[in-house]
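> Once you've had a glance at the structure underneath, I'll fire off some questions.
The values are calculated or read from the model by the stated rules, or taken from the named source; none is laboratory data. Note that the coordinates shown come from a computational prediction; the quantities given were computed from them, not determined experimentally. All Cβ positions, even for glycine, are placed from backbone atoms using ideal geometry, and neighbour counts span all protein chains on display.
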Amino acid sequence: MFDDLNDLYQQVIIDHSKSPRNFRRLEAATRTAQGHNPLCGDNIALYLEMDGDVIKDIGFQGSGCAISKASASLLTEAVKGRSKAEVKQMFERVHDLLTKGQTSGGDLGKLEVFAGVHKFPARVKCAMLAWHATLAALDGQDQPVSTE
Amino acid sequence: MIAETAQLKSKVSAPAWDAVRADFPALHQTVNGHPLIYFDNAATSQKPLPVIEALDRYYRQDNANVHRGIHELSNRATTGYEGARERVANFIHAAGSQEVIFTRGTTESINLVANTWGVANLKPGDRILLTEMEHHSNLVPWQLVAAKTGAKLVYLPVTGDEGLLNLRQLDAVLTPGVKLFAFTHISNTLGTVNPVAELVERARKVGAVTLVDAAQSAGHLPVDVRALGCDFLAFSGHKICGPTGTGVLWGRQELLDAMPPWQGGGDMISSVDFFESHWNTLPHKFEAGTPHIAGAIGLAAAMDYLDAVGRDRIWRHDQELGAYAYESMARLKGIRLFGPKVGRAGLVSFLLDDVHAHDVVTVADQFGVALRGGHHCNQPLMRKLGVASTARASFYFYNTRAEVDRFVEVLREIQRFFGV
């Protein structure tokens, strides 16, 4: 009966929401961005330390639901060492995964745990918040990004 | 005859709550494989058959534009619409129907007062007193009017998680400089019931005009504007079994008469020249354009329905269910409950351990329980409570103790699910 629910809240997601990785402010950050979900009042601050075009280190802070926190945590692991162009491509593929349940062009690794979100349209924004903030940080956008 | 269409069809004489439930078609369905438990009534209520049928009948038989019409259908529509205004006046014990302005809801009603009375009467240095528990709809319009007029916002504080107005601080903030005191009757987040008559009386001593946000109270308990003594009262139709897009602003005639119009257009004028116009009399001065005729007629049907059930009975039922839910929920380990311990309205805001409100609501929905999670349009209050959001269960007279029992079981399931 709760297959959908177990798909949404996979053990990996619960684990990352309870013990988020890279959950810290980066003193050496060269780029930062704020993400905001006005629907629930959730906020995320994202810190990037760039080495040229490549993300050398990344951290985040903020409050959010299990989905948004786990998404931010898994994002930080997935984008470390990636170039801006690679992250933009991942953004599109993660968006496909969250809205359609699948994505073309090979496996997204650990991020595949978010495939169950597509059955809960109201929660797509929670999972996308950190990705929006990452793109904003990479683009050097000063204004906080919003899911709305 | 349209006059009959606004009358109650299914008469609910005794509080046979099962019979009441039978009147609400939307309650009888399964959601995600479970019988729906609708606990999102503070956001909007479900609609009983007499309301749905009044809308249907209007569109099938009587649909026409109101007022200037000469033909039969227009007469019926006008009679129905103006009859609905009489019904509203009677529902809140207004001195007359000319004091009843139809709006799209509480938000529009408050914006109307802010943009007319507020702009015409507030000067730089004047104070607008609000409380820390106001919904954004009774906060943002005043921020806008303060920016326009140079008036200053002042807040009466709320006491922590228990969520009562700190009346000991009232004298300190309700100073002679306060020109308007706007406050909610019942908090949509905390369930606090504020002592309206007492607050109004205190405000009158310093010469302040009062506005009561009755969005959470109008359909839940008897509301008598003359007994409360306030100057303006705003509420929505959709929260009290009426159609969406309906609402009411009630104001004292002498205040409404002195206020400039807000929106210009048809119906609000008595004569129009190329360079100036003369305003229509009350209430039409504040109703530009074709109104929500069907909505007003549906709202009158809702009021008939509520009064057939009995608002005093509804209030007793709401409060009992609210207290029962609060006590049952308090037994759960790791739950944090917001709002007063006693004397609360029929809603409970809560947090389960460190599970985010949206996760609670998502899982509850899988059990067929409709809750709301978020800041409830109360962001400053949320910050004061030190939380980003809460989950909320809000009840109405068609909800039952059995539903509350099931809901508490579901909360236990949620705790198990998240391993807390």
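> Which one of these is assigned by TED's automatic domain parsing to the domain that holds B:THR281, at pLDDT below 95 and farther than 28 Å from B:ALA302 by Cβ: B:GLY150, B:GLY163, B:GLY118?
Among B:GLY150, B:GLY163, B:GLY118, only B:GLY163 is assigned by TED's automatic domain parsing to the domain that holds B:THR281, at pLDDT below 95 and farther than 28 Å from B:ALA302 by Cβ.
> Among the residues of the range A:116-130, write down those that are within 15 Å of the chain's Cα centre (by Cα) and within 11 Å of chain B (Cβ to nearest Cβ).
Of everything in the range A:116-130, those that are within 15 Å of the chain's Cα centre (by Cα) and within 11 Å of chain B (Cβ to nearest Cβ) turn out to be A:VAL117, A:ARG123, A:LYS125, A:CYS126.
> Quick one: which of B:HIS358, B:HIS317 is at the interface with chain A (Cβ under 10 Å from one of its Cβ atoms) and outside any loop (DSSP other than H, G, I, E, B)?
Result: B:HIS358 is the single residue among B:HIS358, B:HIS317 that is at the interface with chain A (Cβ under 10 Å from one of its Cβ atoms) and outside any loop (DSSP other than H, G, I, E, B).
> Further question: Would you check if B:ALA218 is under 30 Å from B:LEU174 (Cβ atoms), under 17 Å from the mean Cα position of the chain (by Cα) and in contact (Cβ under 8 Å) with a residue 60 or more places away in the chain?
yes
> Turning to a different aspect of this structure: Test A:LYS110 against the criterion of being surrounded by 16 or more Cβ atoms within 10 Å (Cβ to Cβ), in contact (Cβ under 8 Å) with a residue 12 or more places away in the chain and either part of a helix (DSSP H, G or I) or not basic (Lys, Arg) (or both), and give yes or no.
Criteria not met by A:LYS110.
> Looking only at the range A:31-38, decide whether some residue is more than 14 Å from every other protein chain (Cβ to nearest Cβ), touching a Ser or Thr at 6+ places or on another chain (Cβ under 9 Å) and at pLDDT 90 or above.
Among the residues of the range A:31-38, at least one is more than 14 Å from every other protein chain (Cβ to nearest Cβ), touching a Ser or Thr at 6+ places or on another chain (Cβ under 9 Å) and at pLDDT 90 or above, which makes the answer yes.
> Taking the range A:22-41 on its own, how many of its residues are farther than 11 Å from A:PHE60 by Cβ and of a type in the set (D, E, K, R)?
Looking only at that region, the number is 2.
> Out of the range B:367-387, which residues are under 16 Å from B:VAL408 (Cβ atoms) and either free of Cβ contacts under 8 Å to residues at least 24 places away in the same chain or not β-branched (Val, Ile, Thr) (or both)?
Matches in the range B:367-387: B:PHE367, B:GLY368, B:ALA370, B:LEU371.
> Criterion first (among the hydrophobic types (A, V, I, L, M, F, W, C), touching a residue at least 24 places away in the same chain (Cβ under 8 Å) and touching a Cys at 6+ places or on another chain (Cβ under 6 Å)) does B:VAL200 satisfy it?
In short, yes.
> If I ask for residues that are under 18 Å from B:ALA357 (Cα atoms), in a loop (DSSP other than H, G, I, E, B) and not small (Gly, Ala, Ser), which ones from the range A:62-80 would you list?
Result: A:CYS65, single match.
> Please tell me if A:ALA122 is buried (at least 19 other Cβ atoms within 10 Å of the Cβ) and assigned to a helix (DSSP H, G or I).
no
> Tally the residues that are within 14 Å of chain B (Cβ to nearest Cβ) and touching a residue at least 40 places away in the same chain (Cβ under 8 Å), restricting the search to the range A:46-72.
9
> For A:LEU46, indicate whether it is at pLDDT below 90 and of a type in the set (A, V, I, L, M).
No; evaluated as a whole, the condition is false for this residue.
> Is it true that some residue in the range A:84-97 is over 24 Å from A:SER19 (Cα atoms) and crowded, with 22+ Cβ neighbours inside 10 Å?
No; the residues of the range A:84-97 include none that is over 24 Å from A:SER19 (Cα atoms) and crowded, with 22+ Cβ neighbours inside 10 Å.
> Give me the residue from the range B:362-400 that is charged (D, E, K, R) and within 19 Å of B:LEU337 (Cα to Cα) and, out of that set, nearest to the other protein chains (Cβ to nearest Cβ).
Step by step, filter the range B:362-400, then rank; the result is B:ARG383.
> While we're looking at this one, here's another question. Identify, please: which residue in the range B:401-419 is touching a helix residue (DSSP H, G or I) at 6+ places or on another chain (Cβ under 8 Å) and of a type in the set (A, V, I, L, M) and is, among those, farthest from the other protein chains (Cβ to nearest Cβ)?
Across the range B:401-419, the extreme among qualifying residues is B:VAL404.
> Can you report the number of residues in the range B:183-204 which are of a type in the set (Gly, Ala, Ser) and part of a loop (DSSP other than H, G, I, E, B)?
Total satisfying the criteria: 2.
> Here's a follow-up. Given the criteria within 24 Å of B:PHE338 (Cα to Cα), of a type outside the set (Phe, Trp, Tyr) and in contact with a strand residue (DSSP E or B) (Cβ under 6 Å, 6 or more places away or on another chain), does B:GLU162 qualify?
no
> It is to be established whether one or more residues within the range B:324-332 are surrounded by 20 or more Cβ atoms within 10 Å (Cβ to Cβ), more than 20 Å from the chain's Cα centre (by Cα) and either away from chain A (no Cβ under 13 Å) or not basic (Lys, Arg) (or both).
Looking through the range B:324-332, at least one residue is surrounded by 20 or more Cβ atoms within 10 Å (Cβ to Cβ), more than 20 Å from the chain's Cα centre (by Cα) and either away from chain A (no Cβ under 13 Å) or not basic (Lys, Arg) (or both).
> Oh, and also: Can you tell me which residues in the range B:341-355 are away from chain A (no Cβ under 14 Å) and of a type in the set (D, E, K, R)?
Result: B:LYS341, B:ARG344.
> May I pose another question? Please go through the range B:141-161 and pick out each residue that is under 17 Å from B:THR210 (Cα atoms), surrounded by 15 or more Cβ atoms within 10 Å (Cβ to Cβ) and aliphatic (A, V, I, L, M).
B:VAL145, B:ALA146, B:ALA151, B:VAL154, B:LEU156
> Moving on. Output the residue which, of all residues in the range A:22-45 that are surrounded by fewer than 17 Cβ atoms within 10 Å (Cβ to Cβ) and touching a residue at least 24 places away in the same chain (Cβ under 8 Å), is nearest to A:HIS118 (Cα to Cα).
Here the answer is A:PRO38.
> Scan the range B:237-273 residue by residue and report those that are modelled with pLDDT under 95 and of a type in the set (Val, Ile, Thr).
Passing the criteria: B:ILE269, B:VAL272.
> Does the range B:78-94 hold any residues that are among the aromatic types (Phe, Trp, Tyr) and under 14 Å from B:PRO283 (Cα atoms), and which are they?
B:TYR81
> Being touching a helix residue (DSSP H, G or I) at 6+ places or on another chain (Cβ under 8 Å) and surrounded by fewer than 24 Cβ atoms within 10 Å (Cβ to Cβ) is the filter here; which residues of the range B:101-110 pass it?
Of everything in the range B:101-110, those that are touching a helix residue (DSSP H, G or I) at 6+ places or on another chain (Cβ under 8 Å) and surrounded by fewer than 24 Cβ atoms within 10 Å (Cβ to Cβ) turn out to be B:GLY105, B:THR107.
> Looking at (1) crowded, with 23+ Cβ neighbours inside 10 Å; (2) more than 14 Å from chain A (Cβ to nearest Cβ); (3) of a type in the set (A, V, I, L, M, F, W, C); (4) in contact with a Gly (Cβ under 8 Å, 6 or more places away or on another chain), which is the one condition that is false for B:VAL309?
The single condition B:VAL309 does not satisfy is (4).
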